[in-house]
Every structure is written in C-alpha cells, then in structure tokens.
Amino acid sequence: IEGLKSATGYTVFCVTESSDETFSTVNEILDSAIDVSTTCCKAIYVETVFDKPFVEGEMIVDFLRLYAGQLPTSSLTVNISVFYIRRNVFNVDVSASIYPYDRVVLDSRPRPSISLSLNFLPPVGDYWITTELSGPSGTEYTVEFIGTNFFRVISNTSQPDVPMLLSAIFSEDGSGIILKFNASTDMGGLNFGLFPCSSQLNFVLSESTNCRWTSAKTMVIVIGGNTLLSPGDSVLLLGNTIQASCLRDNCGPYSKINDTNVTVSAPVSAVKPVLSIVAPLLLGACDDLVIDVSSSSGTLGRNWDLF
C-alpha cells in the first residue's frame, strides 16, 4: 500500500469476492476491522548552513531552520541545545543564546518552518548542536540534520587559513571543468557572471575561455568548441589573485593563495553521445539529400570531429 505515513495508526478492512462474484456483506466487512500502525519514524529536519567560521561577538541570524516532514498526531517538543569546547572545558551549554527560544512545540496544526538565531556568540571555540524530542508524539520522530551540526567561532582579530585548490574535474555532460577549494574564498572579487579565465588561471587558450564562480568554493571553466583541455592536462591557479572569504566588515589584507597546479580529471560518469538524424523519407530524382544532425547531443562541450 503506497502513501502511508510513518508512525501512524490505520484501520484495515477486508473484503472477499467469490467465484460467482458475490461480495462480503457490510457487517462482515465491519467485523473484519484490524487496527495496525506503521513503523517509526517521521522526520524532524534541522537544516544548517555552516560553510565558514563565525566571528566572536556577532549574531548568527537564521543559523538553524527546523520543520516537520509530517504533522504529529498530538504535540511534540523539540529541545535544542548548543555546546562548545574551550580550553579543554567540555560541554559548556550556551543554549541561552538561542533566539527567540531553545524549545519548539509542534502540534497537529500545519506550521511553516521555524528559524532560530544565536545572539552574541561566546568566545572562540568549537560548537555543536544537539536535539532532544519529548511530548506525547516524541516517540513518533527522529531528527535528521541537513548540513552539519558543528560550527566554529574564531577570534575577531584572527586570520583564516589560506584556501587550497583541491581538484579540477570535468562535469558529467562535459560543459565545464569544476575547480573545488577546501574553504570559502573571496572569488578574487569576480563573483558576478562570466570573466576571462586568464585573470585567475593559466592553461591553453585561457585568454579566450570564460570562467565563472558558482559558489565561494567552486569555480567552473566553461567549455566551448575551441577549448583544448582534456583529462590529464594541467591548470595553473595564478598566485596572489584569490584569498579567504572575508569574515568581518573590515578584513584587511589576508594571505593570498600561491601558484597552484592541478591536473584535470575525467568525469566520474560521463554522458554518452546521442546521434539525432533528420532526413526526408522521400526524395525526388533530382533533389539533393540533406541530412541534419544538429540536434545530436553528448559532445562533452566539443565540436563533432566526424559525421
């Protein structure tokens, strides 16, 4: 039976049909009732985005978003706690900093997602979030984190580590080469739209190839018909062009990434070329045969070599 909700009670009725197409009576159907429950559990989703450290003393707005995949049959209380480690002191509870509250009560009425903030972070440390469920419907649920339940707070005078270029991999459709960094960057100030790759990279025909940043950790080389890059080729990230993402209103000069070479890798699962041929079914004796293959796909960003 499809569409059943987890941790929910149902009443099952049985109906029979004989070989001569005689059905159970209404009373027989009602007497066959069986009460059953689907297995646990419904999900409470806790969504976080901790892609960079936070700075002490600041407020983290909407650091957590909470919502239920299915409504509880009764009421459910979600207790949220934030702890940190500092100077070998473990499990220091700073949940009082959660705004507007560290306890969320859900009932059977529909409710939008709930966003929480952290007021004026305590000093430097490594933080993590825990949850505890209680109330009549507490056993119906498990908690699933979307993102990590760990984040870090750094000093307002410290400088983040210099980001590192980790990899350069062709996308599955070959339309780009994806460059991944281990930490958020300032994107060299080129965080809007396309720009010449040669301003931050060096490779064959980089001057005539466009790049774009899709996030603070990801740059894409846009593959065109004239691009000569192939798996095994080298791409050079030019030094002194990119630094760590700014964590404060006034960062000052951060250390920039040095020249870094990376080898281009093949896609993990490349798409296969698909040939589409359009041609007339009938041809006159003096007509030219015109075959159109322009709708073919899967060229991995390259021009067709041979038809």
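Assorted remarks:
- Coupling constants for the range 254-267 follow from the phi torsions by the Karplus curve (6.51 cos²θ - 1.76 cosθ + 1.60, θ = phi - 60°), and in residue order they are 8, 5, 9, 5, 6, 3, 9, 8, 9, 8, 6, 9, 5, x Hz; glycine and proline get x.
- For the chain, the spread of Cα coordinates along the three principal axes comes to 81, 78, 27 Å, biggest extent given first.
- ³J(HN,Hα) computed for each position of the range 158-172 - Karplus, 6.51 cos²θ - 1.76 cosθ + 1.60, integer Hz, glycine/proline x: 7, 10, x, 4, 5, x, 10, 7, 9, 7, 9, 10, 4, 5, 4
- Accessible-area composition of the chain, carbon plus sulfur, in percent [1.4 Å probe]: 53 percent
- For residue 166, residues with placed amide H under 5 Å, excluding near neighbours: 180, 181, 182
- Placed amide H near residue 241: partners under 5 Å, 5+ positions off or other chain: 257
- Each principal axis of the Cα cloud of the range 26-104 was taken in turn, and the coordinate range along them, longest first, works out to 70, 25, 22 Å.
- Straightening the chain between residue 70 and residue 4 buys 22.6 nm, computed as 0.36 nm per residue apart minus the Cα-Cα spacing.
- Protection proxy ranking, peptides 279-287, 99-107, 11-19, average beta carbon neighbours within 10 Å, highest first: 99-107, 11-19, 279-287
- The antiparallel fraction among DSSP beta bridges confined to the chain stands at about 85%.
- Using θ = phi - 60° in the Karplus curve 6.51 cos²θ - 1.76 cosθ + 1.60, the 3J(HN,Hα) couplings for the range 205-210 round to 6, 5, 5, 9, 10, 9 Hz; x is entered for Gly and Pro.
The values are calculated or read from the model by the stated rules, or taken from the named source; none is laboratory data. Worth saying up front: this structure is predicted, and the values here are computed from it rather than measured. For neighbour counting, all protein chains shown are included, and Cβ atoms are generated from backbone atoms with ideal geometry for every residue, glycine included. Quick note on the areas: whole protein, heavy atoms, side chains included, nothing else; ligands and nucleic acids left out. Shrake-Rupley method; radii C 1.70, N 1.55, O 1.52, S 1.80 Å.
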